[in-house]
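S.K.: Sharing a structure with you now.
The values are calculated or read from the model by the stated rules, or taken from the named source; none is laboratory data. Please read all numbers here as calculations on a predicted model, not as lab measurements. We place every Cβ from the backbone using ideal geometry, glycine too, and count neighbours over all the protein chains shown.
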Amino acid sequence: MTSNDIISGGVIIKSTALLTVVFLSLPLLLVAPSYAADAEQHQAHMQHAGDHEGMAGNERKRNMREMVQWTSFPRLKMMMGGEGGEHKQVTLMPKNIAPSSVDAYSNDIHAANMHRQLPYDLVLATLDKPATGGFHWLSAREEQVDKVLVASMVYYMSERGSKDPTAMFMLQKNSLEIIPQPFPREHSRYRANEDWQFLVRFNRWPLAQQKVMLETQNGSKVEFNSDAKGIVTVHFPSDFKASARQGDMVARNGDRRQSSDFVLAAELVNAKKTYITGFNGSYGPDAFSQRSLVLGLGFTFFGMLGAAPLLRNRKADKKSAMKTAPAISTQTNKKEA
Amino acid sequence: MLRNIFPNLGFPTLGRFRFTVQIIMLFVTVYGGSVLGSYATNQLTEALPSLACAYDKLSSDKCILVVTQHQLHHRIGQALVNAKLVTVKVLIPTLISVGAFFTVFFFLNKAFCGWVCPMGTVQELLFRIGRRLGRPLNRFDKNNVGKVRPIKWLMLLVLGLPLLAGMGVAANELGAPYCQVCPSRLATTLLTMDAEQIAVQTSSGLGFFLNAASNALFGFVIIAALATRLPFCRICPLLSWNAMFQKLSPMRLVKKQNDKCEKCSICQVACPMDIHEIGREHGSKAFHEDCTLCGRCAEYCPDDGVIQIKFFGIKLFGSSLAYYKNRVKKESPEGLPKGKVIWLTQIKADK
């Protein structure tokens with residue numbers, strides 16, 4: 001082993017030591033942002049746990065904004081309560097629809113209770129704890145003489161045993177349907193300035209040139225049309241106001257998971273009956289609204305500079321290489337002999 | 001046995017065979033979701049013993065650390081803060097995740113590091129580029145490497161942070177501390193042309209700090225990898241996590257005692273993790289906790305049958321003089337390709 005190996009190894013060690021100090025100092029940062037864990041703050045923390053749970057949003061803020069009717073389309077409003085984790089209680093409130101039942105569909109299409117009706121008291125439905133985790137479809141249907149209203153949404157449960165929900169999504173549950181293609185998976189979500197596709201179909205037939213309306217809690221109303229295959233590409237508008245970003249959706253631990261509701265709705269008249277279906281969910285602000293690419297590249301470059309000395313061909317390198325290359329060659333020759 | 005398989009498949013050496021497997025697994029882990037389906041990451045192991053990133057929107061699986069942090073944060077931590085007993089019921093998902101991890105780990109052992117991990121593949125690709133560019137090789141000698149090795153074990157202590165975050169004692173950003181600083185998150189998302197992860201968070205001070213550290217580490221690793229073999233692997237928490245289960249797998253490196261070892265030591269020169277023990281130890285001591293089962297020591301051992309990779313006692317690959325002679329014609333033990341790079345010092349030495 002040459003002295004230069006020791007020198008270069010020392011550079012690596014110094015750099016590694018610096019990074020180690022950085023990482024091991026992380027526990028010290030507990031002091032700055034940590035707060036006594038009272039139940040209320042922890043509840044807010046739990047509501048923001050995970051991207052999909054974050055899509056349910058800050059309920060108190062939402063409830064205030066809910067006092068203003070932002071859409072007339074049918075939808076399901078989700079509310080979370082309880083202690084969190086496995087004791088979390090999820091209730092659904094149908095809005096702009098008076099269903100006779102609220103149904104849940106599991107991603108395990110072969111399960112005996114794949115399709116079940118939730119306990120419903122004509123005001124609130126209580127989501128039970130499904131047998132498997134992953135994505136579940138929730139749906140409410142109101143049938144009138146000349147009108148059928150459907151409100152649907154997808155709920156994600158962070159448990160093991162989830163199946164691929166694609167087959168369940170494509171099962172016919174109602175006449176007029178809007179089906180995400182695909183639904184954002186874990187660690188992903190609908191966000192402003194992103195395009196997401198949905199399938200619009202009637203009795204399993206894709207609807208071409210079907211008008212689909214997007215209405216958001218932030219006040220946007222946008223129309224889209226499906227293509228020949230019934231696929232509509234929805235561009236989520238960048239309608240989060242700056243004041244909302246700075247607002248009280250910031251938990252005391254600094255979590256700033258912004259969220260707003262949306263409903264994607266279609267209307268179709270068939271055989272003198274009007275079908276109105278709404279697929280609702282929540283979306284967040286633009287991915288880069290609270291991120292800086294410039295600073296990110298800057299810190300990356302800083303790290304690169306830290307390793308740059310390792311790339312230098314030192315004079316000692318060349319001398320030692322001249323000494324060791326024949327030595328290795330000699331060893332090789334001996335072995336071959 | 002492997003030596004019988006890969007020539008039939010057109011691979012002249014174990015190294016070339018491993019390189020091909022690495023490239024395939026890079027595509028599977030980084031882009032597999034586009035082939036296997038958007039929800040594949042929830043369908044496979046969900047506990048891969050390699051750095052498959054859940055932030056990669058096209059990934060087909062996610063590493064065991066993601067799941068472990070999540071369960072410590074949202075399940076066990078919550079149970080503790082609600083003054084509930086951490087019952088078996090609370091621990092079942094964690095036990096299932098570890099079980100899923102071990103189910104796949106059982107068959108490949110540390111080869112997940114040397115053959116499957118996308119971050120390992122990226123570093124080795126960068127090292128190859130560094131060889132082509134004639135960059136020097138920086139190594140750890142046996143004194144220095146001992147100072148770096150404990151770091152990977154210290155990294156496991158970071159698992160306490162998601163637990164504290166779940167209890168509400170630590171900030172929520174510390175619910176997934178490994179993910180916040182892991183360079184694989186940046187490498188794999190950049191490979192899918194997604195720049196979101198390389199942009200640092202500006203919404204909170206702690207998030208900004210963690211992302212900045214991650215970006216600096218990433219920048220350091222990709223440059224260091226040009227002149228150092230596997231720089232991040234030395235401190236990777238998965239290296240230590242996998243090492244905990246290393247002795248429980250029937251796949252292992254076996255070295256027989258040989259008197260010639262003390263005068264040779266080519267195997268330790270060839271080892272990308274600078275495991276000097278491979279040159280002087282034998283038996284179970286030769287299968288070091290840092291070993292990634294890349295097989296280079298066996299490739300460059302010039303003595304028949306001294307170093308072997310075995311599965312349930314069946315030899316998959318073993319050293320041989322004939323193989324060694326062929327191997328060194330193509331690449332030196334340090335990874336320098338023969339005849340394909342302008343290495344001025346070597347030309348001067350030849351003169």
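S.K.: What are the residues in the stretch A:150-204 that are touching a Gly at 6+ places or on another chain (Cβ under 7 Å) and without any contact (Cβ under 8 Å) to a residue 24 or more places away in the chain, if any?
M.R.: A:Thr166 - this is the single residue of the stretch A:150-204 that is touching a Gly at 6+ places or on another chain (Cβ under 7 Å) and without any contact (Cβ under 8 Å) to a residue 24 or more places away in the chain.
S.K.: Further, regarding this structure: Anything in the stretch B:191-235 that is of a type in the set (S, T, N, Q) and either more than 7 Å from chain A (Cβ to nearest Cβ) or in a helix (DSSP H, G or I) (or both)? List them, or say none. Steps first, answer last, please.
M.R.: In the first step, residues of the stretch B:191-235 are kept if they are of a type in the set (S, T, N, Q); the result is B:192, B:197, B:201-204, B:211, B:214-215, B:228.
Answer for the stretch B:191-235, where residues must be of a type in the set (S, T, N, Q) and either more than 7 Å from chain A (Cβ to nearest Cβ) or in a helix (DSSP H, G or I) (or both): B:Thr192, B:Gln197, B:Asn211, B:Ser214, B:Asn215.
S.K.: Still on this structure, I have one more. Considering only the stretch A:168-203, state which residues are closer than 19 Å to A:Pro237 by Cα and touching a helix residue (DSSP H, G or I) at 6+ places or on another chain (Cβ under 6 Å).
M.R.: A:Arg189
S.K.: When you check B:Arg229 against the structure, is it of a type in the set (Lys, Arg), surrounded by fewer than 23 Cβ atoms within 10 Å (Cβ to Cβ) and in contact with a helix residue (DSSP H, G or I) (Cβ under 6 Å, 6 or more places away or on another chain), yes or no?
M.R.: Values: of a type in the set (Lys, Arg): yes; surrounded by fewer than 23 Cβ atoms within 10 Å (Cβ to Cβ): no; in contact with a helix residue (DSSP H, G or I) (Cβ under 6 Å, 6 or more places away or on another chain): yes.
In short, no.
S.K.: Could you list, in sequence order, the residues of the stretch B:292-341 that are outside any helix (DSSP H, G or I), within 14 Å of chain A (Cβ to nearest Cβ) and charged (D, E, K, R)?
M.R.: Listed by number, the residues that qualify are B:Asp303, B:Asp304, B:Glu331, B:Glu334, B:Lys338.
S.K.: Could you please let me know if A:Trp137 is more than 11 Å from every other protein chain (Cβ to nearest Cβ), in a strand (DSSP E or B) and over 13 Å from A:Ala104 (Cβ atoms)?
M.R.: For A:Trp137, the condition - more than 11 Å from every other protein chain (Cβ to nearest Cβ), in a strand (DSSP E or B) and over 13 Å from A:Ala104 (Cβ atoms) - is not met.
S.K.: What are the residues in the stretch A:103-130 that are more than 14 Å from chain B (Cβ to nearest Cβ), more than 14 Å from A:Tyr155 (Cβ to Cβ) and part of a loop (DSSP other than H, G, I, E, B), if any?
M.R.: If the condition is that a residue be more than 14 Å from chain B (Cβ to nearest Cβ), more than 14 Å from A:Tyr155 (Cβ to Cβ) and part of a loop (DSSP other than H, G, I, E, B), then A:His110, A:Ala111, A:Ala112, A:Asn113, A:Met114, A:Pro119, A:Asp121, A:Leu122, A:Val123, A:Leu124 are the ones that fit.
S.K.: Give the stretch B:10-46 a look and list any residue that's in a loop (DSSP other than H, G, I, E, B) and more than 10 Å from chain A (Cβ to nearest Cβ), or say none. Walk me through it before giving the result.
M.R.: At the first step, the residues of the stretch B:10-46 found to be in a loop (DSSP other than H, G, I, E, B) are B:10-13, B:37-39, B:43-46.
Residues satisfying the conditions are B:Gly10, B:Phe11, B:Pro12, B:Thr13, B:Leu44, B:Thr45.
S.K.: Next question. Could you count how many residues in the stretch A:261-313 are in contact (Cβ under 8 Å) with a residue 12 or more places away in the chain, within 14 Å of chain B (Cβ to nearest Cβ) and either of a type in the set (D, E, K, R) or in a helix (DSSP H, G or I) (or both)?
M.R.: So in the stretch A:261-313, the residues in contact (Cβ under 8 Å) with a residue 12 or more places away in the chain come out as A:261-268, A:270, A:272-287, A:289-290, A:306-307, A:309-310.
Now drop any that are not within 14 Å of chain B (Cβ to nearest Cβ), which leaves A:284-287, A:289-290, A:306-307, A:309-310.
If we keep only those that are either of a type in the set (D, E, K, R) or in a helix (DSSP H, G or I) (or both) too, we end up with A:286, A:306-307, A:309-310.
Qualifying residue count, the stretch A:261-313: 5.
S.K.: Inside the stretch B:47-78, can you point out the residues that are under 21 Å from the mean Cα position of the chain (by Cα) and either free of Cβ contacts under 8 Å to residues at least 24 places away in the same chain or in a helix (DSSP H, G or I) (or both)? Explain how you work it out, then say what you get.
M.R.: Here is the first cut: in the stretch B:47-78, the ones under 21 Å from the mean Cα position of the chain (by Cα) are B:47-56, B:58-69.
B:Lys62, B:Ile64, B:Leu65, B:Val66, B:Val67, B:Thr68, B:Gln69 - these are the residues of the stretch B:47-78 that are under 21 Å from the mean Cα position of the chain (by Cα) and either free of Cβ contacts under 8 Å to residues at least 24 places away in the same chain or in a helix (DSSP H, G or I) (or both).
S.K.: Report, by residue number, each residue of the stretch A:148-182 that is within 14 Å of chain B (Cβ to nearest Cβ) and either assigned to a loop (DSSP other than H, G, I, E, B) or of a type in the set (Lys, Arg) (or both).
M.R.: Taking the stretch A:148-182 and keeping what is within 14 Å of chain B (Cβ to nearest Cβ), we get A:154, A:156-170, A:179-182.
Those that are within 14 Å of chain B (Cβ to nearest Cβ) and either assigned to a loop (DSSP other than H, G, I, E, B) or of a type in the set (Lys, Arg) (or both): A:Ser158, A:Glu159, A:Arg160, A:Gly161, A:Ser162, A:Lys163, A:Asp164, A:Pro165, A:Gln181, A:Pro182.
S.K.: On to the next question. Against the condition buried (at least 23 other Cβ atoms within 10 Å of the Cβ), closer than 25 Å to B:Gly313 by Cα and modelled with pLDDT under 90, how does B:Pro7 come out, does it pass? Even if it seems obvious, please write down each step before you answer.
M.R.: Details: buried (at least 23 other Cβ atoms within 10 Å of the Cβ): no; closer than 25 Å to B:Gly313 by Cα: yes; modelled with pLDDT under 90: yes.
Against the criterion (buried (at least 23 other Cβ atoms within 10 Å of the Cβ), closer than 25 Å to B:Gly313 by Cα and modelled with pLDDT under 90), B:Pro7 does not qualify.
S.K.: Of B:Cys271, B:Cys297, B:Cys264, B:Cys301, which residue is free of Cβ contacts under 8 Å to residues at least 60 places away in the same chain, within 24 Å of B:Leu336 (Cα to Cα), in contact with a Ser or Thr (Cβ under 7 Å, 6 or more places away or on another chain) and not aromatic (Phe, Trp, Tyr)? Break it down stepwise before answering.
M.R.: On the way: B:Cys271 fails: in contact with a Ser or Thr (Cβ under 7 Å, 6 or more places away or on another chain); B:Cys297 fails: in contact with a Ser or Thr (Cβ under 7 Å, 6 or more places away or on another chain); B:Cys264 fails: in contact with a Ser or Thr (Cβ under 7 Å, 6 or more places away or on another chain).
Just a single option satisfies the conditions, and that option is B:Cys301.
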